[in-house]
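Worksheet for the structure shown next.
Coordinate-derived values only; no laboratory data. Quick caveat: nothing in here was measured; it's all calculated off a predicted structure. Glycine gets a Cβ as well: all are built from the backbone with ideal geometry, and neighbour counts include every protein chain shown.
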Amino acid sequence: MSQVSIAKSAYKGVTYYDKKKAANGYTLFSTYNYDVWLIDMEGYIVNHWRMPYSPGSHQWLLPTGNMLHAGMIKSHEEMGLPVEMTAIGGVLVEVDWDSNLTWKAMAPYSNHDIRPMNNGHVMYHSYNPEGILPDEVAKKMKGGLPGTEFEGQVWGDMVHELDRDGKVVWEWKACEHLDPVKDMSCMLEKRTLWPYVNALWICKDGNVLMSLRAANEAIKVDYKTGKIISRHGKGKIFHQHDARELDNGNIMILDNGNHRPTYGPNYSRVIELDPKTDEIVWEYKADFPSDFYTPVCAGAERMPNGNTVICDSWTGRIFEVTYEGELVWEYVSPFIGYQVGMATTMMWRAHRYLPDYPGLKGKDLDPGRFPRENRMFGPESFMKEFVPSVF
Amino acid sequence: MSFARTRIKGLVFCDSRTAFHGLTLYTPVEGSSALMIDLIGERVHQWKLPHEAADTARLLPNGNLLYAGKSKNAALPDLECTGGLLQELNPAGDVVWEYEDQYLHHAPFRMKNGNTLVMKWIEVPGSTASKVKGGEAGTEHEGRMWGDVIQEIKRDGRVIWEWIAHEHMKPEEFHRCALCPRDTWTHGNSCKELPNGDILVSFAKINTVAIIEKQSGKILWHWGTGGELAHQHAPSYLPNGNILIYDNGYHPQGLALNFSRVVEVDWKKGEMVWSYEGPEGGMLKMLFFSSMLSNCQRLPNGNTLVCEGMTGRIFEVSSFQTLVWEYVNAFPGKETVSSPSESRSCTVYGAYRYGYDYPGLSAMKL
C-alpha cells in the first residue's frame with residue numbers, strides 16, 4: 001500500500017505513558033466513521049459503540065452513562081453546499097452503553113460542536129439558511145476573500161437549544177449581534193460563512209462562550225438577551241477551537257494558528273486567558289513548535305491534577321501534558337474514517353473521563369469484552385520499536 | 001511535542017529497485033554542517049561549515065561545496081534566510097572562494113560561465129512601498145520594506161549584471177499575501193540560471209514563480225500569483241522544458257487546511273501537468289506539509305526527490321505517487337536531550353541527490 005510518510009504514520013496506539021504523572025482515566029473519541037471508542041490509558045478498548053450515523057462532529061459521555069453523538073444524515077455535497085460547510089450533521093442521537101438508541105432529535109444544518117446542558121437539553125450551532133446575512137450587513141462585513149460568497153450570500157451562524165422533546169427553546173443569530181467590522185473575518189477565509197462558530201460552552205453564570213473561527217476570537221453571549229458581553233483573544237488566536245471556561249474562571253482555547261499573520265513557522269498552542277485582562281497566563285507549545293500543528297478541529301481539556309489533555313485532530317493524535325509542558329501520555333489513532341474527500345485518521349474532539357465520573361458508575365470496563373477489536377487495534381498489535389524496510 | 005511523529009530518524013524506507021541511486025546532500029538548519037548520505041542512510045561525507053548555513057548547500061561539478069553562510073556583519077539578520085556571506089569549500093572543508101555582502105540572502109547559484117547568481121535585500125522606495133497592499137500596517141521592518149535585487153557576480157566580486165525587482169514589477173500586478181508582515185515585499189527565495197541564460201526566480205510572498213529575460217530584464221512568464229501557489233520554494237527547470245516547484249501550501253487562500261505539494265508546470269501552456277500530493281484518494285495526504293523551507297528535484301529516472309524542510313524529512317516518489325525512499329535527518333545540531341520525550345529540531349533547508357556519474361562526486365574522490 002502506498003504511503004505518504006512512513007516516518008510520520010508508523011507508530012500507532014499508546015506511544016508514551018508516564019503512569020505516575022498522567023491523569024489516569026478513559027478517553028472517548030471517534031474518527032469520522034460509525035465507531036465511537038473508549039480506551040484506557042494503555043490503549044485497550046473498553047467500550048465500542050456502533051452508531052447509526054457517521055459523526056458530523058463529536059460525542060460526549062453524559063453523567064447518566066449514555067452517550068450523546070452528533071450524526072451526519074447528508075454530507076454537504078448531498079445538500080448542494082460548498083466544502084466550507086463540511087461537517088453538516090443534521091441529527092442528535094443518544095445511545096446507552098450498548099449502542100441502543102435512547103433519544104433522537106433532528107438538528108438541521110448542525111455543525112461542528114454540540115454541548116449537553118445540565119438540564120438535559122442540548123445546545124448546538126448550525127449554518128442555517130435562516131442565518132443568512134441580510135444584504136446590508138453582508139456589504140458591511142469586512143475581511144475574507146472578495147467575491148467568494150456562496151451564491152452571492154454570506155451564511156451566518158445560528159445557535160439552538162433543544163429540549164428533550166427536540167423542540168427549539170432558545171435561539172441565537174450571529175448576524176443580529178456581531179459587528180461586521182469589529183468582528184471581521186480572516187483575510188484569507190472565504191466569505192461563505194461568518195463568523196464560523198465552532199465551539200459552545202455554558203459558563204458557570206449560565207452565559208454562553210463561543211469560539212468564532214473566521215473572526216479569530218471567542219465571545220461571551222448573554223443567555224437572556226443574546227447580546228455580546230465580552231470578546232476575547234483577538235490578535236492572539238487564529239482559527240481557534242474549543243474555547244472553554246475553566247474552574248478557575250479563566251478561558252482556555254486551542255489556538256490552531258492557521259492563517260497566523262507571520263511568515264512562519266506554523267504552530268498550534270493551547271492558551272489560558274484571564275477573561276478580565278485578556279492576558280495569556282499559561283501556554284503550551286511543542287518544544288519545537290511546528291511539531292504540534294493542527295490547522296482545523298482539535299481541543300483541550302484541563303484535568304484536576306493540572307494536566308491538559310490535548311486532541312491534535314489533524315494527526316489523529318491525543319496527548320497529555322503536565323502544567324509545565326512535559327509529555328505524559330500520547331495516543332495515535334489506528335482508525336481510519338472519511339472526511340472532506342479524504343481518508344483520514346482525524347478525530348474532531350476527544351474527552352477524558354476520570355474513573356470517578358458519574359457516567360462510568362457501574363459500567364463494565366473490561367477490555368476482555370472486545371477481544372477482536374483489541375487484537376486488531378489494541379496495544380499488542382502495534383510495534384514498539386521501528387525498524388526501517390530496505391528492498 | 002509529538003513522540004510518535006518525530007521519534008523515527010535516519011533511514012525509514014528504501015526500495016533500491018526503484019529509487020535513483022546516488023548520494024544525497026542535505027543542509028540541516030542547525031549545527032553548521034552539510035551532510036552526504038548514501039541510499040541506506042549511512043553518512044559518507046560531512047562538511048563542517050565555518051558559518052551556520054543560511055540556506056541549502058549545493059555540490060558543484062568541480063567537487064566543491066557552495067553555500068550561503070550567516071555572517072555577523074549581515075545588515076538584516078532577522079529577515080528570514082539572511083546570510084551575508086558565500087563560501088566555496090573543497091571536500092576537506094577549506095575555504096577556496098568567498099564573497100561577502102551584508103545584504104545577501106538565500107542560496108547562490110553557480111552559473112555555467114563560473115560566475116555566481118545571488119540575491120540581496122534592497123530597500124523598496126517609499127512611493128512604491130505605500131502602493132503594496134496586504135499585510136498589517138505597521139509590520140514593516142523598522143519602518144522600511146525590503147525588496148529583492150538579483151546580481152551576477154564574477155569570481156573577483158564584481159557585479160556585472162543586476163535586476164531590481166521593484167523596477168520591473170508593479171505592486172498592483174503582483175498581489176501579495178494578505179497575512180504576511182510588510183517587512184519584505186516580494187521576498188525572493190530562489191534564483192537559478194536556465195540553459196538559455198534567462199533567470200528562473202521564486203518570490204514567496206507574492207506566491208509567484210517567474211522567468212526573467214536576462215537581456216532585457218522583462219518578465220517573460222509568471223505563475224502562482226492568483227493563488228495557485230502558497231509561499232512556494234525551489235523552482236527548477238526540467239529537461240522537458242517544464243518547471244518543477246515545491247508548493248508549501250502555507251497561507252493558502254480560501255482554504256483552511258494545509259497541504260504541501262510538488263507541481264510540474266508546462267509554462268508555455270500555463271498549465272499544471274503533474275503534481276505529487278500523495279497517492280490517489282487522498283489517503284493521509286495531510287502527512288505532507290512544511291510551512292517554510294523545503295525543495296524538490298526531478299531525478300534522471302523520472303522520480304522526484306522532495307525535502308519536507310520543517311520535519312527534516314527527505315523522500316523520493318515515483319511519477320505514480322509511490323513512496324520509494326524516505327529518510328529523516330538523524331544529525332540534529334543540538335546537544336543530547338535530557339528526556340526521551342523532549343523533541344529537538346531536525347529541520348533541513350533542502351536536499352539534492354547526485355547520481356554516481358555526477359562529475360562533482362568523482363572530483364571529491366570519496
For segment B:3-364 the mean separation of alpha carbon contacts under 8 Å (6+ apart) over residue count, i.e. relative contact order in percent, is 17 percent
Normalised by the residues of segment B:120-216, what does the relative contact order come to in percent, with Cα pairs under 8 Å and at least six apart? 26 percent
Modelling each spin label as a point 7 Å along the Cα-to-Cβ direction, I'd like the B:K131/A:D96 distance in nm, to one decimal. 7.4 nm
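Once a ≥ b ≥ c are taken as the square roots of the eigenvalues of the Cα gyration tensor of segment A:155-250, is the result rounded (a/c under 1.5), prolate (a/b larger than b/c) or oblate (a/b not larger than b/c)? Kindly include the intermediate steps, with their values, before the conclusion.
Values: a/c = 1.85, a/b = 1.26, b/c = 1.47.
Oblate, since a/c reaches 1.5 and b/c is not below a/b.
Please give the length that would be gained between A:E385 and A:E171 if that part of the chain were fully extended, namely 0.36 nm times their separation in residues minus their C-alpha to C-alpha distance (nm, one decimal).
Values: separation 214, 0.36 × 214 = 77.04 nm, distance 5.25 nm.
Taking A:E385 through A:E171 to full extension adds about 71.8 nm, to one decimal.
What list do you get for A:E171, A:E330 if you sort them by fewest beta carbons within 10 Å?
On the way: A:E171 14, A:E330 24.
With the fewest neighbours first, A:E171, A:E330 line up as A:E171, A:E330.
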Calculate the length of the line joining the C-alpha centroid of segment A:153-175 to that of segment A:198-217, in whole Å. 14 Å
Could you name the lysines in cross-link range of B:K269, using Cα to Cα under 25 Å and dropping any fewer than eight places away on the same chain? B:K170, B:K192, B:K205, B:K214, B:K218
Amide H neighbours of B:W274 under 5 Å, at least 5 residues apart or on other chains, H built in the peptide plane: list them. B:E264
Among A:R349, B:R144, what is the fewest-to-most ranking by other Cβ atoms within 10 Å? B:R144, A:R349
Neighbouring partner chain Cβ atoms per residue of B:245-252, average, 10 Å criterion: 3
Would you give the gap between the C-alpha center of segment A:347-382 and the C-alpha center of segment A:254-293, rounded to a whole Å? 31 Å
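For segment B:209-268, state which trypsin sites (Lys or Arg not before Pro) are in a DSSP loop and have at most 14 other beta carbons lying within 10 Å of their beta carbon. Provide the component values of the computation, followed by the final result.
On the way: sites: B:K214, B:K218, B:R261, B:K268; in loops: B:K214, B:K218, B:K268.
Hits after loop and neighbour filter: B:K218, B:K268.
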Taking 0.36 nm per intervening residue step and subtracting the Cα-Cα distance, what contour gain separates B:K72 from B:L220 on full extension? 49.6 nm
Cα gyration tensor category, rounded, prolate or oblate, for chain B with a/c compared to 1.5: rounded
Taking amide hydrogens as modeled 1.01 Å from N in the peptide plane, which residues meet the under 5 Å criterion relative to B:V12, leaving out close sequence neighbours? B:E326, B:Y327, B:V328
Taking chain B as a whole, which cysteines find no other cysteine Cβ under 4.7 angstrom from their Cβ? B:C14, B:C81, B:C191, B:C296, B:C307, B:C346
Say the cut-off is 18 Å between C-alpha atoms; which of A:K104/A:K220; A:K142/B:K133; A:K21/A:K384 go over it? A:K104/A:K220; A:K21/A:K384
Rounded to the nearest whole number, the per residue volume of the convex hull around the C-alpha atoms of chain A in Å³ is 152 Å³
Estimated FRET transfer efficiency (B:S32, A:K20; beta-carbon r; R0 41 Å; 0.05): 0.55
Simple label model, 7 Å out from Cα along Cβ direction - B:N90 to A:M376, nm: 6.4 nm
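In terms of the Cα gyration tensor, with a ≥ b ≥ c the square roots of its eigenvalues, is the protein assembly as shown rounded because a/c is under 1.5, prolate because a/b exceeds b/c, or oblate? Can you show the working numbers first?
Numbers: a/c = 2.10, a/b = 1.51, b/c = 1.39.
Cα axes put the protein assembly as shown in the prolate bin.
So what's the back-of-envelope 222 nm ellipticity for the protein assembly as shown, counting only DSSP H runs of four-plus at -39500 (n - 2.57) apiece and dividing by all residues, rounded to 500? Let's see the in-between values first.
Numbers: 8 runs with 39 residues, N = 757.
Helices in the protein assembly as shown give a 222 nm mean residue ellipticity of -1000 deg cm²/dmol.
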Give the aspartates and glutamates reachable from A:K363 as a straight Cα distance under 12 Å; neighbours fewer than 8 places away on the same chain don't count. A:D96, A:D98
At A:K139 and B:N113, where each label point lies 7 Å from the Cα along Cα→Cβ, what is the point-to-point distance in nanometres? 6.0 nm
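When only C-alpha pairs under 8 Å and at least 6 residues apart count, what is the relative contact order of chain A, in percent?
Details: 974 pairs, mean separation 68.0, N = 391.
The value is 17 percent.
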Taking R0 as 22 Å, what's the FRET efficiency between B:A363 and B:R43 from their Cβ-Cβ distance, rounded to 0.05? 0.70
In sequence order, calculated HN-Hα J values of segment A:37-50 (Karplus, 6.51, -1.76, 1.60; Hz; x Gly/Pro): 10, 10, 10, 8, 5, 9, x, 6, 7, 9, 8, 9, 9, 10
Can you put A:T315, B:T27 in order, fewest other beta carbons within 10 Å first? A:T315, B:T27
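Chain B: longest stretch without exposed GluC sites (Glu not before Pro) (DSSP loop, at most 12 other Cβ within 10 Å), sites themselves excluded? Can you show the working numbers first?
Values: sites that count: B:E42, B:E142, B:E172, B:E173, B:E280, B:E335.
In short, B:174-279.
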